[in-house]
Amino acid sequence: MAHRLFFPFAVLLVVLISVSATGQTFSFKRHTSSNGLPNNQVFSIFQDRRGFLWFGTNAGVCRYDGADYRTFNRNHGLKNENLRSIFEDAGGAIWALTRGGAGRLDGEKFTFFTKAEGLPGDDARAGLGLRDGSVWIGTTEGLTRFADGKFKSFGRGYFELECKLLKEKESEFIEERQERLPHGNIG
């Protein structure tokens, strides 16, 4: 009886080992200031539609193309180098959100937006770009929508409205991201 149970168990074990031995392999690269980042404190990582990796540090934004690093800082119009978040809008522009405002990369230079240009506050924390071309930015002073070159801010104290607006846009945001994410599973 024990022999009858051992053989199926042994076959199952061999099959499981062979399946796990043919699984995917992953390679990792450590990105540090010794190989190109402007600083080792990374607060945001984003991969754009062209495949570039963008790193948000407290010394600026760094783009990695798989071989070389390129840093964007005050010399490129980034008025504040303390990055919070990086994202891409529908037109492919990279946005860098900082403790001092929001910057949109236009070619080689950032166009920088602060409270003076219409943000509800200068401490920009999170953002997303939607298919309709609008950009939503959350600051410590409230939520704002950037469209057609203008900001429309909802200010502080509109928490219920902010939740409603983000909830309405959530499915559009998820749908857009799923189109760009690799599909599949491991196992």
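Between L143 and F154, G155, the built amide H atoms are under 5 Å apart, and every one of these is 5 or more places off in sequence or on another chain. For the pair R49 and N35, the difference between a 0.36 nm per residue extended length and the Cα-Cα distance amounts to 2.7 nm.
Computed from label points 7 Å out along Cα-Cβ, the spacing between K115 and A147 is 2.6 nm. Under 5 Å from the amide H of T98 lie the amide H atoms of R84, G103, A124, each residue being 5 or more positions distant or on a separate chain, with H modelled from the backbone and absent for Pro and chain starts. Subtracting the Cα-Cα distance of R99 and S134 from their residue separation scaled by 0.36 nm leaves 10.5 nm.
Rule-based calculations on the coordinates, nothing more; no lab input. All figures in this text were calculated on a predicted structure; none of them were measured in a lab. Here Cβ is always computed from backbone atoms with ideal geometry, including for glycine, and neighbour counts include all displayed protein chains.
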